[in-house]
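A.B. asks: Here it is: the structure, laid out below.
The values are calculated or read from the model by the stated rules, or taken from the named source; none is laboratory data. Keep in mind that this is a model prediction, so the values were computed, not measured. Backbone-built Cβ (ideal geometry, glycine too); neighbour counts: all protein chains shown.
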Ligand SMILES: Cc1cc2nc3c(=O)[nH]c(=O)nc-3n(C[C@H](O)[C@H](O)[C@H](O)COP(=O)(O)O)c2cc1C
């Protein structure tokens with residue numbers, strides 16, 4: 001395959017040496033087109049040695065070969081990695097003041113960009129709008145990841161690893177934008193334009209100022225759904241009930257996820273019902289306490305005060321958050337509930353799921369088995385997805401991120417089937 005590898009002026013240019021090598025070793029004809037600034041980071045001899053071809057940056061070299069358009073015309077695939085904020089802006093505007101610019105305008109081949117920049121530059125509305133425009137034109141965006149940046153900073157903006165970029169690029173060349181993203185976080189854009197509300201974690205109902213009734217939900221599955229949706233292009237509001245900072249970190253770093261922390265079921269209800277009105281998809285992954293303590297003690301309950309007569313906690317039912325959202329749902333909104341169930345068999349698990357789906361009136365219910373040794377505090381999960389016809393439409397799982405991707409695929413399929421509420 002004839003591949004143009006555009007390299008632009010960021011520190012991550014050094015990682016594209018590995019990318020170029022991977023592509024060359026894969027048997028491809030790789031033409032590296034650096035910008036002038038890129039050559040300040042990695043010099044021409046390195047690109048020429050790795051690609052085994054002459055490298056130019058200017059439209060005024062190799063003029064007899066009409067190189068300024070020839071490369072783009074011949075390319076089967078164009079990759080820009082790293083893609084600086086500057087080059088993304090130039091691509092959006094269609095500027096062609098160097099060889100990379102003319103090549104990008106002259107090509108009809110699929111184009112993939114791997115942005116790399118500091119978090120502030122990445123999150124700037126100008127950069128985000130440029131990305132949205134490029135995506136609309138069919139450009140596939142890989143990454144960026146969240147992690148260590150140049151200097152002491154860390155956050156979203158780090159270029160994806162060369163292996164991930166190479167794999168996505170080759171899938172893109174083989175089968176178009178859809179398949180470029182398959183299985184590769186951060187490369188699909190099929191949730192672009194959708195607003196999503198996700199709840200995650202577990203509510204805590206106070207008994208007194210120091211104690212609470214809680215549950216073992218860590219929030220990992222809900223956070224994975226939020227991050228996967230955001231990376232696939234959605235705007236996400238994440239309501240996090242008692243989720244540890246470390247679990248929330250990935251979502252916190254994402255520019256299109258807004259996080260709000262809540263504690264009790266009542267707080268979650270208030271935040272969720274306010275946020276649900278304006279979104280296309282609601283995913284209620286948080287474990288909400290069915291009951292709260294009727295009367296919360298003002299001061300700490302002390303053993304010496306109740307010696308010989310342990311206190312009895314009277315519980316009252318919490319409002320059914322999902323029922324409220326179902327009742328107020330706007331047309332076209334897709335509602336996804338979660339049910340964590342203990343069951344003796346898969347049959348019993350699914351039956352419990354079907355009953356809960358009917359009770360709640362959601363479009364899709366994700367049921368997972370929980371117990372002393374499964375479901376909680378692990379990185380893995382299996383979700384059985386039951387639709388409004390009570391059909392088990394998919395069982396998705398693996399890592400919680402993989403389960404999240406499978407869930408998002410199922411929701412999109414449902415929305416494609418029928419844009420109206422399924423109730
Ligand atoms: C040390 C250093 C690191 C830089 N890293 C980045 C970067 O990672 N991403 C980015 O968008 N710009 C970065 N810049 C700024 C770009 O080099 C600058 O915007 C340049 O004009 C980009 O030109 P180009 O897009 O034509 O390659 C960096 C600049 C310096 C001096």
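A.B. asks: Name the single residue that is nearest to residue 84 (Cα to Cα) among those in region 1-34 being surrounded by fewer than 24 Cβ atoms within 10 Å (Cβ to Cβ) and within 13 Å of the ligand (Cβ to nearest atom).
C.D. replies: 9
A.B. asks: Criterion first (at pLDDT below 95, over 14 Å from residue 9 (Cβ atoms) and away from the ligand (no atom under 11 Å from the Cβ)) does residue 68 satisfy it? Can you show your working first?
C.D. replies: Working: at pLDDT below 95: yes; over 14 Å from residue 9 (Cβ atoms): yes; away from the ligand (no atom under 11 Å from the Cβ): yes.
Judged against the criteria, residue 68 is a match.
A.B. asks: In this structure, does residue 348 turn out to be over 24 Å from residue 389 (Cβ atoms) and in the same structural domain as residue 239 (by TED's automatic domain parsing)? First the steps, then the outcome.
C.D. replies: Working: over 24 Å from residue 389 (Cβ atoms): no; in the same structural domain as residue 239 (by TED's automatic domain parsing): yes.
Answer is no for this residue.
A.B. asks: If you don't mind, there's one more thing I want to ask. Being in contact with a strand residue (DSSP E or B) (Cβ under 9 Å, 6 or more places away or on another chain) and buried (at least 20 other Cβ atoms within 10 Å of the Cβ) is true for just one of 318, 381. Which residue is that? Write out each step before concluding.
C.D. replies: Details: 318 fails: buried (at least 20 other Cβ atoms within 10 Å of the Cβ).
On inspection, the qualifying residue turns out to be 381.
A.B. asks: Looking at (1) part of a loop (DSSP other than H, G, I, E, B); (2) modelled with pLDDT of 95 or more; (3) surrounded by fewer than 24 Cβ atoms within 10 Å (Cβ to Cβ), which one does residue 46 not meet, given that it meets all the others?
C.D. replies: Every condition holds for residue 46 apart from (1).
A.B. asks: Among the residues of region 113-138 satisfying the criterion of being out of contact with any strand residue (DSSP E or B) (no Cβ under 6 Å at 6 or more places or on another chain) and assigned to a loop (DSSP other than H, G, I, E, B), which is nearest to the ligand (Cβ to nearest atom)?
C.D. replies: Filtering region 113-138 for residues that are out of contact with any strand residue (DSSP E or B) (no Cβ under 6 Å at 6 or more places or on another chain) and assigned to a loop (DSSP other than H, G, I, E, B), the one nearest to the ligand (Cβ to nearest atom) comes out as 124.
A.B. asks: Which of (1) more than 12 Å from the ligand (Cβ to nearest atom); (2) touching a helix residue (DSSP H, G or I) at 6+ places or on another chain (Cβ under 9 Å); (3) closer than 22 Å to residue 90 by Cα is the odd one out, the single condition residue 157 does not satisfy?
C.D. replies: In the conditions (1) more than 12 Å from the ligand (Cβ to nearest atom); (2) touching a helix residue (DSSP H, G or I) at 6+ places or on another chain (Cβ under 9 Å); (3) closer than 22 Å to residue 90 by Cα, residue 157 misses (1) alone.
A.B. asks: On to the next question. Take residue 251 and tell me if it is surrounded by 15 or more Cβ atoms within 10 Å (Cβ to Cβ) and modelled with pLDDT of 85 or more. Walk me through how you get there before you give the answer.
C.D. replies: On the way: surrounded by 15 or more Cβ atoms within 10 Å (Cβ to Cβ): yes; modelled with pLDDT of 85 or more: no.
Here the answer is no, as residue 251 does not meet what is asked.
A.B. asks: Would you point out which residue out of 353, 371, 332 is surrounded by fewer than 18 Cβ atoms within 10 Å (Cβ to Cβ) and either modelled with pLDDT of 90 or more or within 14 Å of residue 393 (Cβ to Cβ) (or both)? Walk me through how you get there before you give the answer.
C.D. replies: Details: 353 fails: surrounded by fewer than 18 Cβ atoms within 10 Å (Cβ to Cβ); 371 fails: either modelled with pLDDT of 90 or more or within 14 Å of residue 393 (Cβ to Cβ) (or both).
Only one candidate passes the filter, namely 332.
A.B. asks: Something else about it: Go through region 81-112 residue by residue and tally those that are more than 9 Å from the ligand (Cβ to nearest atom), in a helix (DSSP H, G or I) and either touching a residue at least 40 places away in the same chain (Cβ under 8 Å) or within 23 Å of residue 150 (Cβ to Cβ) (or both).
C.D. replies: Going through region 81-112 one residue at a time, the tally reaches 6.
A.B. asks: Run down 363, 390 and say which single residue is on the phi > 0 side of the Ramachandran plot, assigned by TED's automatic domain parsing to the domain that holds residue 279 and more than 21 Å from the chain's Cα centre (by Cα).
C.D. replies: Values: 363 fails: on the phi > 0 side of the Ramachandran plot.
None of the others qualify; the one that does is 390.
A.B. asks: Between residues in region 24-47 that are without any contact (Cβ under 8 Å) to a residue 24 or more places away in the chain and residues that are within 16 Å of the ligand (Cβ to nearest atom), which pairs lie under 6 Å by C-beta distance while being six or more apart or on different chains?
C.D. replies: As it stands, the answer is 44/55, since those pairs meet every condition given.
A.B. asks: Take the residues in region 139-153 that are under 15 Å from residue 165 (Cα atoms) and in a loop (DSSP other than H, G, I, E, B); name whichever of them is modelled with the highest pLDDT.
C.D. replies: Applying the filter and picking the extreme gives 139.
A.B. asks: Mind telling me which of the residues 256, 342 ends up being more than 24 Å from the chain's Cα centre (by Cα) and modelled with pLDDT under 90?
C.D. replies: Values: 256 fails: more than 24 Å from the chain's Cα centre (by Cα).
Criteria check complete, one pass: 342.
A.B. asks: Restricting to region 314-337, what's the tally of residues that are touching a helix residue (DSSP H, G or I) at 6+ places or on another chain (Cβ under 8 Å) and assigned to a strand (DSSP E or B)?
C.D. replies: 4
A.B. asks: Looking at (1) within 15 Å of the ligand (Cβ to nearest atom); (2) within 30 Å of the chain's Cα centre (by Cα), can you tell me which one residue 39 breaks?
C.D. replies: Result: residue 39 fails condition (2) only.
A.B. asks: Of the numbered conditions (1) away from the ligand (no atom under 16 Å from the Cβ); (2) touching a residue at least 12 places away in the same chain (Cβ under 8 Å); (3) over 20 Å from residue 113 (Cβ atoms), residue 51 satisfies every one except a single condition; which is it?
C.D. replies: All conditions are met except number (3).
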